[in-house]
1. Would you say residue 192 is modelled with pLDDT of 85 or more, surrounded by fewer than 18 Cβ atoms within 10 Å (Cβ to Cβ) and under 30 Å from residue 51 (Cβ atoms)?
2. So which of 78, 11, 40 ends up being on the phi < 0 side of the Ramachandran plot, more than 21 Å from the chain's Cα centre (by Cα) and not in a loop (DSSP other than H, G, I, E, B)?
3. Going by the conditions given, is residue 156 within 16 Å of residue 197 (Cβ to Cβ), in the same structural domain as residue 109 (by TED's automatic domain parsing) and not in a helix (DSSP H, G or I)?
4. Is at least one residue of region 336-343 over 28 Å from residue 217 (Cα atoms), in contact with a helix residue (DSSP H, G or I) (Cβ under 9 Å, 6 or more places away or on another chain), modelled with pLDDT of 90 or more and not assigned by TED's automatic domain parsing to the domain that holds residue 144?
5. What number of residues in region 18-56 are loosely packed, with under 15 Cβ neighbours inside 10 Å, in contact (Cβ under 8 Å) with a residue 60 or more places away in the chain and under 11 Å from residue 237 (Cα atoms)?
6. Taking helices (runs of 4 or more DSSP H) that do not extend beyond region 305-383, which have at least 3 residues that are under 28 Å from residue 254 (Cα atoms)?
7. For region 420-431, does any single residue satisfy the condition of being surrounded by 19 or more Cβ atoms within 10 Å (Cβ to Cβ) and in a helix (DSSP H, G or I)?
């Protein structure tokens, strides 16, 4: 192979790595996120082209076919996917990345078994570890997708489950270790079967309330798996991209776990969400409000905070809520949007929805900054949020969400909750906020409620404020 071509490819990998890092850095802010995605995508294109330049193209037909199978459906799906399905989409893409890394490991291990050659121990270790992590990410992400999409129950538990999962993991690790003594096909098959089954088993018992953390964790797993397999292939672009994604995913996972006041081990091995049997009885009753009365509260308010949640995504109400907000701002009201770190079903879910609707970034406030302001808020509007505004997280030690930081909506002078019914949130427990004296329930679809409030505000204006 021409040495000059190799040097050009290595230089291209360096450029791609810089673009990966700059792209992820830009993704940290909603203002620059779009450009960050474009930069990282350009880096990936450069890396792929460079790889073609230094790779033997004996199977160019299969390579192009694989690219077509991967690119075309993904492009079409990404253009048509609804925002409500975006968390499921992210979970699947995490899994596909992990599965690709596991496939690389499988091909390399089977190649070593076929030629009957024991590779360098470090290379073998990287192949085994990358394949193990990638396999777990693949099947775990598929289960996460199923939970988010309603295909599976939110949790699946049985007696001795943690011991069973530990046995599965140890068995997979032992099979991986035995490959250092003898690389044979049956041992490789057993290793992958156990790793794939463990990914399923470890994700099934995790409650829906923890799913944003789990998605972030599997994203980190995928990055690490790619980095290990990049080392096996001697591909610098895969190593750097995998390390960057893995590191970013782990940091995000830690931040989200901290936001829920739960250790990562608590997410993986305890039972958070889906069981409020031990919670204290909530006194009082839910008090409904008509759209006309809710609009009157907004008309008289000076400061309004809107708290979006997954229900807003389901109703696709972000655009209508922003139209309502613009009406309020035009009346010299102070309007802000309060975002909980784990609101929705994936990291940054609410930020993406509000950005799609065109909400200015300076109106979107994080939990730590907005919580002190609820005491001076005239009206808080909760649309589709549930567990992240539940005050039992601070008051009821028997509650499964006790200790999770929440938005202190209950401290507002008046609270209007837009909700389709009286059901519980993803954690499966009653929300004490809904029973509070200062809370009123506006039962309606998110879009319908926003339209009615807008109409009622206009009616109040036309009547001269009476």
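1. Numbers: modelled with pLDDT of 85 or more: yes; surrounded by fewer than 18 Cβ atoms within 10 Å (Cβ to Cβ): no; under 30 Å from residue 51 (Cβ atoms): yes.
Considered against the rule, which asks whether it is modelled with pLDDT of 85 or more, surrounded by fewer than 18 Cβ atoms within 10 Å (Cβ to Cβ) and under 30 Å from residue 51 (Cβ atoms), residue 192 comes out as no.
2. On the way: 78 fails: more than 21 Å from the chain's Cα centre (by Cα); 40 fails: more than 21 Å from the chain's Cα centre (by Cα).
Exactly one of 78, 11, 40 is on the phi < 0 side of the Ramachandran plot, more than 21 Å from the chain's Cα centre (by Cα) and not in a loop (DSSP other than H, G, I, E, B), namely 11.
3. Numbers: within 16 Å of residue 197 (Cβ to Cβ): yes; in the same structural domain as residue 109 (by TED's automatic domain parsing): yes; not in a helix (DSSP H, G or I): yes.
Spelling it out, residue 156 is indeed within 16 Å of residue 197 (Cβ to Cβ), in the same structural domain as residue 109 (by TED's automatic domain parsing) and not in a helix (DSSP H, G or I).
4. Taking region 336-343 first, the residues over 28 Å from residue 217 (Cα atoms) are 336.
Now narrow it down to the ones that are in contact with a helix residue (DSSP H, G or I) (Cβ under 9 Å, 6 or more places away or on another chain): 336.
Keeping just the survivors that are modelled with pLDDT of 90 or more gives 336.
If we keep only those that are not assigned by TED's automatic domain parsing to the domain that holds residue 144 too, we end up with 336.
There is at least one residue in region 336-343 that is over 28 Å from residue 217 (Cα atoms), in contact with a helix residue (DSSP H, G or I) (Cβ under 9 Å, 6 or more places away or on another chain), modelled with pLDDT of 90 or more and not assigned by TED's automatic domain parsing to the domain that holds residue 144.
5. Total meeting the criteria: 0.
6. Values: elements: 310-315, 318-330, 349-357, 367-370.
The helices (runs of 4 or more DSSP H) meeting that bar are 310-315, 349-357, 367-370.
7. Residues of region 420-431 that are surrounded by 19 or more Cβ atoms within 10 Å (Cβ to Cβ), as a first pass: 425-431.
Going one step further and asking which of them are in a helix (DSSP H, G or I), we end up with none.
Among the residues of region 420-431, not one is surrounded by 19 or more Cβ atoms within 10 Å (Cβ to Cβ) and in a helix (DSSP H, G or I), which makes the answer no.
Per-residue answers, yes or no, for (1) within 31 Å of the chain's Cα centre (by Cα); (2) under 24 Å from residue 240 (Cβ atoms); (3) assigned to a helix (DSSP H, G or I):
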{"site": "62", "(1), (2), (3)": "no, no, yes"}
{"site": "88", "(1), (2), (3)": "yes, no, yes"}
{"site": "127", "(1), (2), (3)": "yes, yes, yes"}
{"site": "132", "(1), (2), (3)": "yes, yes, yes"}
{"site": "139", "(1), (2), (3)": "yes, no, yes"}
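The values are calculated or read from the model by the stated rules, or taken from the named source; none is laboratory data. These numbers were taken from a predicted model, which means no experiment stands behind them. Using ideal geometry, Cβ is built from the backbone for each residue, glycine included, and neighbour counts are taken over all protein chains shown.
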